[in-house]
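Worksheet for the structure shown next.
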Amino acid sequence: MKFIDRLQRVASLYRSLTGLTLRRFDRFLEKVAAARANRQSQQHSRSARRRQPGGARKPKLDPAESLLLT
């Protein structure tokens, strides 16, 4: 089980750590995911690339955990 899944089980602990309710965090995550996807599409469409798309290291955290830790 992922850390964020365990954390979401206890809403009061989640709110004390993040300052957000689960619902607000999910809405924020949707906005950040859309912005990240937009940024990635812009990066992939550049002509002066040093690597092929997908040539970098794959992230180990899912977007929710990454957002929670930043």
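The values are calculated or read from the model by the stated rules, or taken from the named source; none is laboratory data. Because the structure is a prediction, the values reported are computed rather than measured. Because the Cβ atoms are built from the backbone with ideal geometry, glycine has one as well, and the counts that use them run over all protein chains shown. Note: accessible area is taken over every heavy atom of the protein model, side chains too, but ligands, DNA and RNA are not part of it. Shrake-Rupley method; radii C 1.70, N 1.55, O 1.52, S 1.80 Å.
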Inset, instruction - Kindly state, to the nearest 0.05, the FRET efficiency for Arg49 paired with Gln8, given R0 = 35 Å and r defined as their beta-carbon distance. - result: 0.40
Legend entry - Set of the stretch 16-48 residues, backbone N closer than 13 Å to the point 7 Å along the Cα-Cβ line of Thr70: 29-40
Legend entry - Residue-normalised accessible area of the chain, given per residue in Å² at a 1.4 Å probe: 87 Å²
Legend entry - ³J(HN,Hα) computed for each position of the stretch 42-50 - Karplus, 6.51 cos²θ - 1.76 cosθ + 1.60, integer Hz, glycine/proline x: 5, 5, 6, 8, 5, 8, 8, 9, 8
Inset, instruction - Apply the Karplus parameterisation 6.51 cos²θ - 1.76 cosθ + 1.60, with θ equal to phi minus 60°, to every residue of the stretch 53-64 and state each ³J(HN,Hα) to the nearest whole Hz, in sequence, with x for glycine and proline. - result: x, x, x, 8, 5, 7, x, 8, 9, 6, x, 5
Legend entry - Accessible surface of the stretch 1-63, 1.4 Å probe, proportion on carbon and sulfur as whole %: 51 percent
